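I have placed the structure first, in the form of structure tokens, so that the comments after it can refer back to it.
The values are calculated or read from the model by the stated rules, or taken from the named source; none is laboratory data. All values derive from a computational prediction rather than experimental measurement. Cβ sites come from the backbone with ideal geometry, for glycine too, and all protein chains shown count toward neighbours. What goes into the accessible areas is simple: the full protein's heavy atoms, side chains included, and nothing from ligands, DNA or RNA. Shrake-Rupley method; radii C 1.70, N 1.55, O 1.52, S 1.80 Å.
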Amino acid sequence: MQELLKAGKITAEAREYAKSLIKEEVNVYDFVKKVEDKIFSLGGKLAFPVNISINEDAAHDTADYKGKDVFTRGQVVKVDIGAQVNGYVGDTAFTKEITTNNYKDLIKASEEALKEALKIIKPGIKLCEIGAVIESTIKKYGYNPIRNLGGHGVSKYNLHTGLFIPNYDNGSKAELKEDDTVAVEPFATTGHGMVFNKNIVKIFSLEKPKPTRVMSARKMQDYIIKEFNTLPFAEHHLKSSGKFSEAELRLGLRELVRSGILHSYHVLTEVSKGIVSQAEHTIIVNDDLTITTE
Ligand code: MN
Ligand code: MN
């Protein structure tokens, strides 16, 4: 419990720090690095790489190692941050429109949907009831929830337990129970409200560890087990570690993906290229509701 609360607090502090840093012309890699370093400086580790997903991309994108990209005017940026303490996770996200104000209501829609969902969550609530509140709040603003993205249960070293919290009324009569730890994350979009996999992967996690005869892959697998356990990491973490040559990186990563040792997180993008906003908190379900990332 203490570690779960600590992880939440660190995640929240990193989020507030990220909010203070993000603006036009800021280099995206520098931004990611600073926010991740903040987590370390507060005594946490990464639960996953800081995700930076822009405009119609909803999730699972991040910076390239020493990339030259900067935030530019008009971008709608989802910043998703996760810290962990001994495997106990905090997961939180916010959306920032860079310089302009064209998507203020879209951003408000996901934030309000999160607020309204948290108001009704208590032990015994049905998942469909949470989804219904998120859906109706987002629709009130004239937007659509993303139906194939949602909240999730979290447990030790596990970012996504089987529990899925819908962003629409999916009819699920399953209930949350006392002391469940869950992340609630409404996504709102100007588009149809579905995402699909883009052919871009920058984030991975260990899925099925097993021996491999490719030396670079073996070395990389050992490093991943030690540094990240089963939690997601980014290509830029492998590069910035200084442990691998360019060739080892290319060969090792390819072999680990090919052999099914690593899971690939594709960048998720909205099917109709709708602009996407997201808000997220991690909570412990009890009568007073503990928002660990507040
Ligand atoms: Mn998240
Ligand atoms: Mn999440």
Suppose we filter Pro186, Pro232 for residues that are outside the structural domain of Gly90 (by TED's automatic domain parsing), within 30 Å of Glu112 (Cα to Cα) and within 16 Å of ligand 2 (Cβ to nearest atom); which single one remains?
Pro232
Can you tell me which residue in the range 53-82 is surrounded by the most Cβ atoms within 10 Å (Cβ to Cβ), limited to those that are of a type in the set (Gly, Ala, Ser) and not in a loop (DSSP other than H, G, I, E, B)?
Gly82
Quick check on the range 104-116: of everything there that is surrounded by fewer than 22 Cβ atoms within 10 Å (Cβ to Cβ) and more than 16 Å from ligand 1 (Cβ to nearest atom), which residue is farthest from Ser53 (Cα to Cα)?
Glu116
Go through the range 144-175 residue by residue and tally those that are touching a residue at least 60 places away in the same chain (Cβ under 8 Å), open to solvent by less than 50 Å² (accessible area, probe 1.4 Å) and not in a strand (DSSP E or B).
4
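Return the residues of the range 189-205 that are of a type in the set (A, V, I, L, M) and either within 16 Å of ligand 2 (Cβ to nearest atom) or closer than 29 Å to Phe228 by Cα (or both); say none if nothing qualifies. Please lay out each step first, then the result.
Taking the range 189-205 and keeping what is of a type in the set (A, V, I, L, M), we get 194-195, 200-201, 203.
If the condition is that a residue be of a type in the set (A, V, I, L, M) and either within 16 Å of ligand 2 (Cβ to nearest atom) or closer than 29 Å to Phe228 by Cα (or both), then Val195, Ile200, Val201, Ile203 are the ones that fit.
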Which one of these is within 16 Å of ligand 1 (Cβ to nearest atom), more than 21 Å from Asp37 (Cα to Cα) and in contact with a helix residue (DSSP H, G or I) (Cβ under 6 Å, 6 or more places away or on another chain): Val195, Val184?
Val184
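Quick grid of which residues meet (1) in contact with a helix residue (DSSP H, G or I) (Cβ under 7 Å, 6 or more places away or on another chain); (2) within 16 Å of ligand 1 (Cβ to nearest atom):
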site	(1), (2)
Asn55	no, no
Ala59	no, yes
Asp64	yes, no
Val77	no, yes
Asp80	no, yes
Gly87	no, no
Gly90	yes, yes
Thr95	yes, yes
Ile98	no, no
Of the conditions (1) touching a residue at least 12 places away in the same chain (Cβ under 8 Å); (2) not in a loop (DSSP other than H, G, I, E, B), Lys226 fails just one. Which one is it?
(1)
Considering every residue within the range 29-36, establish whether at least one is closer than 26 Å to Thr181 by Cβ and within 14 Å of ligand 2 (Cβ to nearest atom).
no
Kindly check whether there is at least one residue in the range 130-144 that is at pLDDT 95 or above, within 15 Å of Ile283 (Cα to Cα) and away from ligand 1 (no atom under 16 Å from the Cβ).
yes
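Filter the range 117-127 for residues that are surrounded by fewer than 18 Cβ atoms within 10 Å (Cβ to Cβ) and over 19 Å from the mean Cα position of the chain (by Cα); which is nearest to Ile165 (Cα to Cα)?
Going through the range 117-127, the residues surrounded by fewer than 18 Cβ atoms within 10 Å (Cβ to Cβ) turn out to be 118-120, 122-126.
Subset that is over 19 Å from the mean Cα position of the chain (by Cα): 119-120, 122-126.
Details: Lys119: 15, Ile120: 13, Lys122: 14, Pro123: 14, Gly124: 14, Ile125: 11, Lys126: 10 Å.
Per the criteria, the residue is Lys126.
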Got a number for residues in the range 13-35 being open to solvent by 10 Å² or more (accessible area, probe 1.4 Å) and within 15 Å of the chain's Cα centre (by Cα)?
1
Is at least one residue of the range 209-217 away from ligand 1 (no atom under 16 Å from the Cβ) and assigned by TED's automatic domain parsing to the domain that holds Glu116?
no
Of those in the range 238-294 that are within 16 Å of ligand 2 (Cβ to nearest atom) and among the acidic types (Asp, Glu), the residue surrounded by the fewest Cβ atoms within 10 Å (Cβ to Cβ) is Glu294
Please list, ordered by first then second residue, the pairs with beta carbon atoms under 8 Å, 6 or more apart or interchain, first in the range 79-90 and not assigned by TED's automatic domain parsing to the domain that holds Ser53, second near ligand 2 (Cβ under 10 Å from one of its atoms).
none
Can you tell which of Lys243, Lys202, Lys239, Lys208 is assigned to a loop (DSSP other than H, G, I, E, B), under 25 Å from the mean Cα position of the chain (by Cα) and of a type in the set (D, E, K, R)?
Lys208
